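Please treat every number below as a calculation from the coordinates, not as lab data. All of these numbers come straight from a predicted model, not from anything done at the bench. All Cβ positions, even for glycine, are placed from backbone atoms using ideal geometry, and neighbour counts span all protein chains on display.
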Amino acid sequence: MQLRGVFLRFKQTIMNSQSIALGTNERAMLSVNFCGLHFSTPLVLLSGCVGFGEEYTRVVGFSNRDAGAVCLKGTTEKPRLGNEPHRIAETPSGMLNAIGLQNPGARKVIDELLPQLDFSETCFIANVSGATIEEYAEVTRLFDDSPIHAIEINISCPNVKEGGVAFGNDPDMSARVVEACRAATSKPLITKLSPNQTDIAENARRCVDAGSDGLAVINTLMGMAVDIETRRPVIGNNQGGLSGPAIKPIALLKVHEVYNVCKHHGVPIIGQGGITTAEDALEFIIAGASAVGVGTALFYDPLVCPKINRGIVEYLKRHRISNLGELTGTLVLNAPATEICTG
Ligand SMILES: Cc1cc2nc3c(=O)[nH]c(=O)nc-3n(C[C@H](O)[C@H](O)[C@H](O)COP(=O)(O)O)c2cc1C
């Protein structure tokens, strides 16, 4: 009886994936040129949510081909064990995480993990971190000498004591990190910005001036959960990064603010933060994103990507738009208020 249930679910998965599979023309509608790379769809599987690119390939019905790019887990020069548990906690409409950049070190990623990936399936993006500017530059240099398609600089990780968000919240430091990484690679360079700062648009401008080809907006927001019985923070690291639908409205506003800087330089944005549906993805694209990230949603639905792709195609057909690129930044603002009032 149980086996029959499993078989029926499997059959249903196959039938569903057939009904949402895209035809050649539909795929063409979704394709995006991102920093000179061909993304077959606008979806980017986000760093920290897909391991080193292999994690979900064991799930029946999942394919890296449903994403235009896959971003690998944050990588440092030396291996890191990460933070003490608990490392994750569920929150209303989201989750807190403080993994602490657990990774096996750049050399092992390049020598042992990259060769296991199928580079014909999608584009792969390395996610680079460091405690010093020199470490950022060195890890970038190591990935430059690898088959990776692009390099994302994570100056926005809230879960490490040195580097990460400490660099990303200071526009001078952000620019110095980007400059150093720029000098270390000729591959497309994407800088991942933190929402935990006063003026994200100014930081974006500085990163673009320093040589960033693209921007990723946003990383997680700092948050906390408290265990009322022990009166301790639930997360071992005391605080963690909040992701998932809870942060979507904030992420959308940040993408819009950064787009107002980027549009003058032709610098594309990977919009991200709480995307779970085609409608979410479309909101980000209209606000100014050229590509869109899917992270936390994969934890509860690893097969979400084909559904988002199908939903975007149906929207484009309904609005007689032949390619998604035409939609980026088409937001029409309401008449400006005479005074700022949010209440
Ligand atoms: C468990 C977990 C680990 C993450 N690790 C990284 C990381 O190593 N590097 C990074 O740049 N972002 C990391 N992120 C942030 C995500 O890439 C993404 O920017 C953020 O979660 C917002 O998107 P989402 O709401 O769709 O998850 C992590 C997020 C989660 C949930």
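Here are a few things to note about the model shown:
- Top of A287, A21, A98 by mean-square fluctuation, Gaussian network on the chain, Cα under 10 Å: A21
- Inter-label distance for K263 and K78, nm, one decimal - labels placed 7 Å from Cα along Cα-to-Cβ: 4.7 nm
- Listed residues V226, V208, V234, most fluctuating in the chain (Gaussian network, C-alpha, under 10 Å): V226
- Most tightly packed first, judged by the mean number of other beta-carbon atoms within 10 Å of their residues, the peptides 158-171, 37-50, 299-312 read 37-50, 158-171, 299-312.
- Assigned charges on the beta-carbon of Lys, Arg, Asp, Glu; the stretch 24-108 dipole about Cα centre (debye): 320 debye
- Sites Q102 and S322, calculated FRET efficiency, Cβ-Cβ separation with R0 35 Å, nearest 0.05: 0.20
- For the chain, the square roots a ≥ b ≥ c of the C-alpha gyration tensor eigenvalues yield an a/c under 1.5, which makes the shape rounded.
- Zone of Y300's modelled label, taken as backbone nitrogen in the stretch 63-100 under 14 Å from a point 7 Å along Cα→Cβ: 89-96
- Computed [θ] at 222 nm, helices only, for the chain once each DSSP H run of length n ≥ 4 contributes -39500 (n - 2.57): -9500 deg cm²/dmol
- Percent antiparallel among DSSP beta bridges (both partners in the stretch 106-264, rounded to 5): 30 percent
- In terms of its alpha-carbon gyration tensor, the stretch 54-185 comes out oblate; a/c meets the 1.5 threshold, while b/c is at least as large as a/b.
- Among E138, E55, E179: highest mean-square fluctuation, GNM of the chain, C-alpha pairs under 10 Å: E55
- Qualifying trypsin sites (Lys or Arg not before Pro) in the stretch 184-273, where qualification requires a DSSP coil assignment and no more than 12 other C-beta atoms within 10 Å, comprise R231.
- Over 26 Å (Cα to Cα) - which of K78/K192; K108/K263; K248/K307; K78/K254; K73/K187 fall in this group: K108/K263; K78/K254
- Other-chain or far-sequence residues with amide H under 5 Å of T75's (modelled H): N127, V128, S129
- Antiparallel bridges, percent of DSSP beta bridges restricted to the chain (to nearest 5): 40 percent
- Counting neighbouring Cβ atoms within 10 Å and putting the fewest first, the residues L253, L316 line up as L253, L316.
- Amide H partners (placed H, <5 Å) of V70, local residues excluded: L45, C123, F124, I125
- In terms of packing, defined here as the mean over residues of other Cβ atoms within 10 angstrom, the peptides 22-34, 62-74 line up highest first as 62-74, 22-34.
- Global geometry of the stretch 160-308, whether rounded, prolate or oblate, following the gyration tensor of its Cα atoms and the 1.5 cut on a/c: oblate
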